[in-house]
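Enquirer: I'd like to ask some things about the structure below.
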Amino acid sequence: MHVLPYTSEPYDTYTSPASLEEMSAALKSVRAQFEKTYPMVIGGKKIQTEATLVSTNPSAPSEIVGRSASASREHAEAALTAAWAAFEDWKLWKQEDRSRVMLKAAAIMRRRKRELEAWLVFEIGKNFVEASAEVAEMIDFTEYYARQALRHVGGLGHLNAVPGEENESFYIPLGAGLTISPWNFPMALMTGMTVGAIVVGNTVVCKPAEDTVVSLAKVFDIFEEAGLPPGVVNFLPGVGAQVGAYLVEHPRTRFINFTGSLATGKRIHEAAAKIGDDQRWFKRVFLELGGKDAILVDETADLDAAALGVIQSAYGYQGQKCSACSRLIVVDSVYDDLLERVVERTKQLVVAPAEQNPDLGPVCNAAQDGKVREYLDIGRSEGKLLVGGRRIDGEGFFIQPTVFGNIAPEARLAQEEVFGPVVAAIRVKDFTEGMAVVNNTVYGLTGALYSQDRDRIEIARRDFHVGNLYFNRKCTGALAGVQPFGGFNLTGTDTKTGGPDYLLQFMQMKSVAERF
């Protein structure tokens, strides 16, 4: 099978009148589809239920974006059964044919870019650029994994030979698994988690976050349009504590791919480790959890570039990224100068409904709104409020971009994941102390160093203990096929999404020898 080399999908910066007109039309079209109800899909059958999940617009929570069926444990059981039934045929498909279906799905995503972006604007409050970047990432995962899977065709060709024997080793899929996706990147992450598994022959049950059931219904429509056989992917919206927990513990679940909070990840890891009755395997569990990511700035840094990187990393999508900068660690001699620049840039940011394409839209939901406000109170007790610090009055879940200064390295605001537009600024005496503070957390996802000192850059390359490290740039925005993404410590299992080894998580090697 011949395919063009992989290249990253460009995202739109929305600086041209033409792109803004296209988005305006897409928003109008999507708004006209509000309040529809979407079915779950099990083995190709569309199922409605009396109970529903309701998705609202966080910019205006009285607006219902859509509803979905809400699965029971019986539906979860049926979905897993359907996945195993589909696996028997799907695993026999030629790899070229499975990859071809994924490449077609990517082409459909590309044609529907503006519509998909508009759903993200309304359902989770992304501005236009953040929505475009997510759709581009979804396309990237699909294109990249379709090509990576082709690398495994024909088995391993570099094994040593033994006279009188034919020896071969090749990969086979695991079986039927479970993917549980978060609300902050509903299209990109669920797509990447799912495509990585199915493109090499597995089947999955997809349990989306309750807040983003419409976005995932749209992705599932694309899979169906691309020709994915019934049961290869089963769409199971439902309450996580019910259907998600049930499938995590199920003895026939072969693997679990989860992105979300540390607390939930711990529960999944513990539950999945227990061997159920009639269970024939140890479940593979892939976890991508939280972060308490730091940008370290020393006295040699370009302070304007650092201030911009902090703003981009801390406030992109309202700080609701596991890679967001939530700790700003600054050497004492430039602390005041840098913080002045960061504060001035922060004051210029516009917070408004996402469909107005502001710098910051709303946080995702009422629970997240309440959580961030609690941390604003904590910040006032632990440090000095430099800018922001309050919820904006009105219906939507709008929080001012906030910086607290003089936060101690051990303070709650410096240790706990806020997942909102809040930065804890920490003063350190020098680079050495800064490096100690950088690694003083249970997490280890992303980080950045702004410095012009080559020796310090090389020290950080070795000792800054995160899965994704950046020098003199923001700490968000990893690209599939360019910066494999995943973290250390309690951030998760470091599966490195968008990397050349990712698909190996969903396969097992079989060695066969024949004596002649």
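Just so you know, all these numbers are worked out from the coordinates, no wet-lab data involved. Just so we're clear, the structure is a prediction, and the values are computed from it rather than from any experiment. So basically every Cβ, Gly included, is an ideal-geometry build from the backbone, and we count neighbours across all protein chains shown.
Enquirer: Excluding GLY155 itself, what net charge comes from residues whose Cβ is under 10 Å from its Cβ, given Lys and Arg +1 and Asp and Glu -1?
Expert: Result for the neighbourhood of GLY155: 0.
Enquirer: At 4 °C and a viscosity of 1.567 mPa s, what translational diffusion coefficient does Stokes-Einstein give for the stretch 293-480, taking Rh as the Kirkwood radius over Cα pairs? Give it in µm²/s as a whole number.
Expert: D, rounded to a whole number, is 80 µm²/s.
Enquirer: Below 8 Å between Cα atoms, with a sequence gap of 6+, how large is the relative contact order for the stretch 84-200 in percent?
Expert: 35 percent
Enquirer: Could you quote the convex hull projected area for the stretch 9-71, Cα atoms only and averaged over all directions, in nm²?
Expert: Mean projected area for the stretch 9-71: 6.7 nm², to one decimal.
Enquirer: Let me understand the stretch 87-138 better: what is its radius of gyration from the alpha carbons, and its Dmax, in angstrom?
Expert: 14.9, 42
Enquirer: Against the longest principal axis of the chain, how steep is helix 128-150, in degrees 0 to 90 to the nearest 10, with axes from Cα atoms?
Expert: Helix 128-150 sits roughly 40 degrees off the main axis of the chain.
Enquirer: Report the longest stretch of the chain that contains none of the trypsin sites (Lys or Arg not before Pro) sitting in a DSSP loop with at most 13 other Cβ atoms within 10 Å.
Expert: 152-273
Enquirer: When every alpha-carbon pair in the stretch 126-248 is counted, what percent end up more than 23 Å apart?
Expert: Summing the P(r) tail past 23 Å for the stretch 126-248 gives 40 percent.
Enquirer: Could you work out the Rg to Rh ratio of the stretch 15-137, with Rh taken as the Kirkwood radius (inverse of the mean 1/r over all Cα pairs)?
Expert: The Rg/Rh ratio comes out at 1.05.
Enquirer: Dipole of the chain (Lys/Arg Cβ +1, Asp/Glu Cβ -1, origin at the Cα centre): which of ALA226, VAL213, ILE64 lies farthest to the positive side?
Expert: ALA226
Enquirer: Further, regarding this structure: Separation between the ILE64 and LYS46 pseudo-spin-labels, each 7 Å from Cα along Cα→Cβ, expressed in nm?
Expert: 1.8 nm
Enquirer: Got a sec? How would ASP12, ASP304 order by Cβ neighbour count within 10 Å, fewest to most?
Expert: With the sparsest Cβ surroundings first, the list reads ASP304, ASP12.
Enquirer: Ok, one more. Full extension from LYS266 to LEU385: what is 0.36 nm times the residue separation minus their Cα-Cα distance, to one decimal in nm?
Expert: In short, 39.5 nm is gained.
Enquirer: Kindly put PHE258, PHE170 in sequence by how many other C-beta atoms sit within 10 Å of each C-beta, fewest to most.
Expert: PHE170, PHE258
Enquirer: Can you compute the FRET efficiency between ASN160 and GLN356 using 1/(1 + (r/R0)^6), with r the Cβ-Cβ distance and R0 = 51 Å? Round to the nearest 0.05.
Expert: That pair, ASN160 with GLN356, gives E of 0.20.
Enquirer: What whole-number distance in Å separates the alpha-carbon centres of the stretch 263-335 and the stretch 193-230?
Expert: 25 Å
Enquirer: Once the Cα atoms of helix 73-90 and of the chain are each reduced to a long axis, what angle between those two axes, in degrees from 0 to 90 to the nearest 10, is obtained?
Expert: Here the helix axis deviates by roughly 60 degrees.
Enquirer: For the chain, what does -39500 (n - 2.57) per DSSP helix run (n ≥ 4), summed and divided by total residues, give at 222 nm, in deg cm²/dmol to the nearest 500?
Expert: The helix contribution divided over the chain gives -12000 deg cm²/dmol.
Enquirer: Just to verify a number: FRET efficiency for PHE282 and GLN452, C-beta to C-beta distance, R0 = 51 Å, to 0.05?
Expert: After rounding to 0.05, the efficiency reads 0.60.
Enquirer: Just want to confirm a number: the relative contact order over the chain, from Cα pairs under 8 angstrom separated by 6+ residues, in percent.
Expert: Normalised by residue count, the contact order of the chain is 17 percent.
Enquirer: Measure off 7 Å from each Cα along the Cα-to-Cβ vector at TYR6 and SER333, then give the distance between these two points in nanometres to one decimal.
Expert: Using points 7 Å along Cα→Cβ, the separation is 4.3 nm.
Enquirer: I would also like to ask the following. How do THR49, THR191, THR300 line up, fewest other C-beta atoms within 10 Å first?
Expert: Ordered by Cβ neighbours within 10 Å, fewest first: THR300, THR49, THR191.
Enquirer: Now for a separate question. In Å, what is the Rg of the alpha-carbon atoms in the stretch 419-516, and how long is Dmax?
Expert: Rg and Dmax of the stretch 419-516, Cα atoms, are 18.1, 71 Å.
Enquirer: Based on a Kirkwood Rh over C-alpha pairs, give the Stokes-Einstein translational diffusion coefficient of the stretch 235-277 at 4 °C and viscosity 1.567 mPa s in µm²/s.
Expert: 119 µm²/s
Enquirer: Determine, for each peptide in 195-202, 77-84, the mean count of other beta carbons within 10 angstrom over its residues, then list the peptides with the highest first.
Expert: 195-202, 77-84
Enquirer: Also, quick follow-up: With only Lys, Arg, Asp and Glu charged, each at its Cβ (+1 for the first two, -1 for the last two), find how big the charge dipole of the chain is about the Cα centre; round to the nearest 20 debye.
Expert: 880 debye
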